[in-house]
Structure formats: structure tokens, C-alpha cells
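Scroll down for the structure; my scribbles are underneath it.
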Amino acid sequence: MTVTSIDELTGLYDRKAFLKLLSGQVKDANTYKSKVALLIVDINRFYRINNLFGYEAGDEILKKTALVLRNVIRDQDCVARIGDNRFALILAGVMNVGHAELAGHKILRLLQAPFLLGEKKITVDCTIGISLCPLHASNPMFLMKECESVLHGAKDRNIKIGISETLEDEEIPDDWDIELALDDALDKDQLSIHYQPKIALDSGGVVGVEALLRWNHPTRGFIPPNYFIPLAERMGHIKPITNWIFNTALRQGSEWTDKWGPLSIAVNIPPDFILMPDLKDLIANAISLWGSDRVSLTLEIIERSLVLEPEKSMLILKELQDMDISISIDDFGTGYSSLSYFENLPVDELKIDQSFVTNVVTSTSNQNIVKLIVDLAHAFDMEVVAEGVEDRDALAFLKTIKCDLAQGYYFAKPMPHEQIKSWLENFTGTK
Ligand code: C2E
Ligand code: CA
Ligand code: CA
């Protein structure tokens, strides 16, 4: 297979090409019982370089970083730029974790030397995540998620290299084991919900939370929802799981008190749920059991859920709104909505996809897109939420363009029931 998608700036593979290459390498590692390492290298606070030295300097730094990484790898390895300031390397045929860790240290050492741009000396600060296939995951998507999660963990703990925890070889379940385990995850009480607050930018107060599903696998530990939810959908478990989420989220939410007023609890709805004949009954039942005047329900749906049968979907959304349920369009900006479609859309809220928000400060095109979505939402009397707000600068920008709500690591990460309860009690607002 020839891979042709290249990142224009650095000449490295882009994310799309990288994911294809990773799939191939993971397949080979599984077939030939070898090991492959994934390293994700993130330049910390890259926006500062752009702010202090200008975008051209930022571009130069990215090009020079690419060159350093290109020189580290061997012929059988590959390197790509998978995000604005994020690179990834696949090291084929590594012997063990230590081998990959050595490569990580070498990269850090080489990147520590200041880059010379004319008269200026610029130093970059990086964090690296490392995961191995099949030691930490035997599927490319899972490997990426795992590596991103150790990278974020390392950033949180302010260390330079995060490495996935190694289980004993015999404990590592393959995907078949995971499917089997998912079969009774609900019965065995391994699922839980984490809640992430949504903040109103004018008052600085909390207006709601998003419920995000977590699966604590007995040997594998925490498994990310992006991995097991598609699996649960394929295996037909998503309906009982979502029903459990409605009930659990409303029950737990009714125990919280929030000094900012009533809270809305947002539940993510799988794409084909909207057309499910008993959706209204499931929700009405959960509300009658656990509803209170302190919590209301919001459904987060992605645009794709509405395209199959748009007219029927509109009617259903309208009926749900009549039950005092708010409708939010998730990951907005990644689908194909047309303006005419908006006119009659029974929707209360748009959630701008985090890919536009997280790097909004450094990307003018993202700034334009985010502003466009805010204006569009307001033109149709909808509220707009920016998700993936990770720093103060992004927040400041969102305030200037009158975005209504924000959600992201800058305010709080998703947290378990007990923790959000006390977080809500102690939160004094963000201004
Ligand atoms: P989503 O609905 O777009 O959820 C937002 C994701 O962004 C969450 O990941 C959240 O933890 C993460 N996030 C929040 N703030 C930040 C930030 O500042 N920076 C970054 N980098 N990430 C941030 P999570 O919990 O891993 O969920 C991933 C996806 O899995 C969700 O994307 C949603 O599509 C799906 N999902 C999660 N829970 C459920 C559920 O209960 N039901 C269904 N059907 N899908 C779910
Ligand atoms: Ca969501
Ligand atoms: Ca989203």
C-alpha cells in the first residue's frame, strides 16, 4: 500500500498516513509475535513560541523538531506530525519497554538543545508518551488512546516521559477476552460515570455536567470509552448501558447541590438511538424515578444521528423537547450541516468540536471557525459550548467572541460521583 498523505510544513507523514502505517505495524507485530513501540512527542505550551516569536518562528521550530526526529529513527521506523504541535514515532521490532524508553530519552536530549533562529535561541519543552504493542494494547486505536493517556498523565505529574504500565504477559487479554468481559461489565459493576462541569462564561458559574462512561476492566484497568463504546454498539450492549446511564446519572445528580442553580446532566446518545421506538419511555421512566427540580436532562447527539431519517428525527427531537429535555449537537463542525437544515432544527445547544477549540489561540483558521459557529448558534437562538478548553488564553478568546459555555481540562477533568459532589460544593466560580 502506498501512503501519500504528507504534512506540508514538515514533510513528515500526516495523521491519516500515520494511522494507516500504525495499523500495518500492529498487524505485523501480532502476526510475527514481535513488539512495536509507539511514542507520542508533544511540545508543551507551543502557543507561547507563536506568541513570543511569531508564527514563522513557530513553523521553523516545527520543521527543526521534525528534522531531529527524522534523524533519530532507523530505516524500519517512521515518524509523523499528528497534530499542530504533536509528533508520533513507530519503532518497529523493539525488544522491550526499556528499549523504547532509551529512544525517548535520546529524543528529549536532542530536543533540549536550543534551536537557533537567526539571532534568537529558542528552547522547546517536550513530554513523551510510550506504549507498546502487544504489551499495552493489541489494536492500533487502543494503542493510540493508551499512549495519549500516558502522555497526559505525564504532563499532569510534570514528568518528561510517561510509559504504560506493563501487565504480566499472561494477564493481557486479547480483543476476544475484552468482548467477553464487556458482556457482563454492567452486571459485575465495572462501569461507572465520570462527570465534567460545563461553565457559563458570563457568570463564571456551573450550569451542568457531562456524563462520561468509564469501564474498569478487572485486569486491564481503565479502558477508554472511544474503544469500548463502538464494541458495545456492535455487540448490542449499548441499549442496556445507556439506560443504566440515564438512571445512574439522574440518581447521582439528584444528590448534588449547586449554588449556581439547577444543573443539567448531559448524556451522550449513540447515533441510532434517536430512532429507537422506546427511547422516550426509557427516559420518561428514569425521570419519573430519579428526576428532581435540581437536575434536568440534556441529550448530546452527533449530527450523523439525524441524517438517516431527518424528518422523523426532527419530530422525535421536538417531542423530547416537549418533555423538558434539552438537545445538544455534539462534535459540531465535523459534520455536514447546511444552513437550510438549521432553520427548523429543534436544538438548544451546539457543542463546538474540541479539535477547533484546544489550539484556538495558535490557529487563525480555528479562530474563524469557532467564531462562525458561535454566531451561527446565536442567529438560531441556540447556546454554544466550547469543549476542550485547556488554557486561559483559549478561555479569554472564547469570552471575546461571546461563547456562552465552556468545558475542558482548564476548569476540571471528568471526575467520579463523590468527587464532583464536593467539587460542586467548593467551586467558587471562574472569572
Ligand atoms: P465526547 O462526547 O466528545 O466527550 C468529550 C471527551 O473529551 C471526553 O473524553 C472528555 O474527557 C474529553 N475532554 C474533556 N475536556 C478535555 C480537554 O480539555 N482536553 C482534551 N484533550 N480532552 C478533553 P472521553 O471521556 O474519553 O470520551 C470520549 C468519547 O467517548 C466521547 O466524546 C463520546 O463520544 C464517547 N462517550 C463517552 N461516554 C459515553 C457514553 O456514556 N455514551 C456514549 N454513547 N458515548 C460516550
Ligand atoms: Ca459529548
Ligand atoms: Ca464532543
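Equivalent-ellipsoid semi-axes for the stretch 55-206 (Cα gyration tensor, √(5λ), whole Å, largest first): 33, 25, 12.
Placing unit charges on each Cβ (+1 for Lys and Arg, -1 for Asp and Glu) gives the stretch 96-166 a dipole about its Cα centre, and among Ile122, Leu102, Leu151 the Cα reaching farthest toward its positive end belongs to Ile122. For the stretch 383-388, putting each phi into the Karplus relation 6.51 cos²θ - 1.76 cosθ + 1.60 with θ = phi - 60° gives couplings of 8, 10, 10, 9, 10, x Hz, in residue order, rounded to whole numbers and with x for Gly and Pro.
Here the stretch 129-147 is scanned for amide nitrogen atoms under 14 Å from the site 7 Å beyond the Cα of Ile159 along Cα-to-Cβ, giving 129-131. Helix 15-32 and the long axis of the chain differ in direction by around 70°, with both axes built from C-alpha atoms. Kirkwood-type hydrodynamic radius, the stretch 1-46: 12.3 Å, calculated from all non-identical alpha-carbon pairs. Mean separation of Cα pairs under 8 Å and 6 or more residues apart, divided by the residue count, gives the stretch 367-416 a relative contact order of 37 percent. Relative to the current alpha-carbon distance between Tyr341 and Lys402, full extension at 0.36 nm per residue lengthens the span by 19.6 nm. Dividing the convex hull volume of the alpha carbon atoms of the stretch 358-431 by its residue count gives 94 Å³ per residue. Look at the Cα gyration tensor of the stretch 196-318: its axes a ≥ b ≥ c give a/c of at least 1.5 with a/b at or below b/c, and that counts as oblate. Note on the chain: the alpha carbon radius of gyration divided by the globular reference 2.2 N^0.38 Å gives 1.03.
Nearest 10 degrees is fine. How inclined is helix 279-290 to the longest principal axis of the chain, computing both from alpha carbons? With rounding to tens, the tilt is 80 degrees.
Distance distribution P(r), the stretch 237-387, all Cα-Cα pairs, bin width 10 angstrom from 0: 10, 38, 34, 16, 1 percent. In angstrom, the C-alpha Rg and Dmax of the stretch 255-322 are 13.5, 41. For the chain, the longest principal axis of the Cα atoms and the long axis of helix 55-72 meet at an angle of about 60 degrees. DSSP assigns beta bridges within the stretch 275-386; of those with both partners inside it, close to 10 percent run antiparallel. Inter-label distance, Lys280 to Leu108: 5.8 nm, where each label sits 7 Å from its Cα along the C-beta direction. Neighbour counts of C-beta atoms inside 10 Å place Glu101, Glu418, Glu383 in the sequence Glu418, Glu101, Glu383, starting with the fewest. Look at the alpha carbon pairs under 8 Å that are at least 6 residues apart: their mean separation over the length of the chain gives a relative contact order of 12 percent.
Note on the stretch 209-258: Cα convex hull, mean projected area over all directions, 4.3 nm².
Readers should treat all values here as calculations from the given coordinates under stated rules, not as data from a laboratory. Predicted, not measured: the structure shown is a model, and the values here were computed from it. Note that each Cβ is placed from the backbone with ideal geometry, even for glycine, and that neighbours are counted across all protein chains shown.
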